[in-house]
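Rule-based calculations on the coordinates, nothing more; no lab input. This structure is a prediction, so every number in the text was calculated from the model and none was measured. We place every Cβ from the backbone using ideal geometry, glycine too, and count neighbours over all the protein chains shown.
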């Protein structure tokens, strides 16, 4: 018997991402560092806010940010 999990494959993350998912799949940095990037405007603000604390980013937003930063530092 095989047990199925709800974990996402690294190649196919969900369309909406939490900070933990962004750190897991895209930017492996400390939470505090990511918060600093967001507050300084060097990482995009959340696309969706639910309630007082839950923030979600669209996968396309995060991937576009990564692509623009990769071009800026000369990574192809």
Given all pairs of distinct Cα atoms, the stretch 16-72 yields a Kirkwood Rh in Å of 11.6
For 35, 43, ascending order of other Cβ atoms within 10 Å (fewest first) is 35, 43
